[in-house]
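Shown next, in structure tokens, is the structure this report addresses.
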């Protein structure tokens, strides 16, 4: 074989070996950064800090959030919790479970509810779980109440010539139905269920806000309030933001110099592990990305299924 060809082949092998080693180092670096990122999300921080959890959008029975709150309660490094809420509400059951989980955290460390743009209905229910509630002057809150909605498509079915026959064990089975108007007995059944849940919500607010039940009933007609109005009727404790939150925590022997660490949704974070890992690796190398990996989170479709009684503020609905 030509000596020049042999030399070229050896040089090509050396180049391939170099790039294989470089690729292995690159993948190892990504793995290290992603592991560090995910572990920091799961443990919050290895140093003393103030934990923050953000609850945004429709409230549902969120198992991941409940587990995250449990970890915060058990963390010796999380000295306090800030629950930042931006939600119009959601399912009553979802709000109930999150409320109870936050109260379990409050048994071990101070908890501040931070009402942002909107914390109405089940969003306000969650806010009452905090030891104190801080809201912006123009925040929207309140809307204490419960609603049950179901569609009616019987008129549409008649127009297109479709009928539905049903045989059931009793008149109230599977009522109310979207296929025919509800009977008075069905309406009474649903109304009784709504009022029972509503009474529980009212009692919860009265207990947590230390207000007479009769006074809460006057506020619990679905009315929404600005932060300023809510302060006047004692639905919130303070107007402000982070400074006021830290001032309160200082009265609970939590240093305002502690860093505030976000405890994020580990499931959503892990789904973007590669983007975060790559971003971290580039930052380590001094390279700035034009788009942050967090910006990708809003691109994916999300589906919302609200089951059962709903405690939610809806624009244009009473």
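Values computed for the structure shown
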quantity	calculated
Fewest-first ranking of 125, 193, using other Cβ atoms within 10 Å as the exposure measure	193, 125
Fewest-first sequence of 245, 126, 160 by Cβ atoms within 10 Å of each Cβ	160, 245, 126
Bins of 5 Å from zero: percent of alpha-carbon pairs in region 119-191	3, 12, 16, 14, 10, 9, 9, 9, 9, 4, 4, 0
Residue order, fewest to most surrounding Cβ atoms within 10 angstrom, among 150, 248, 124	150, 248, 124
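Bear in mind that the values in this text are calculations on the coordinates, not laboratory data. Not measured: the values here are computed from a predicted model. With ideal geometry, Cβ positions are generated from the backbone for all residues, glycine too; neighbour counts draw on all protein chains shown.
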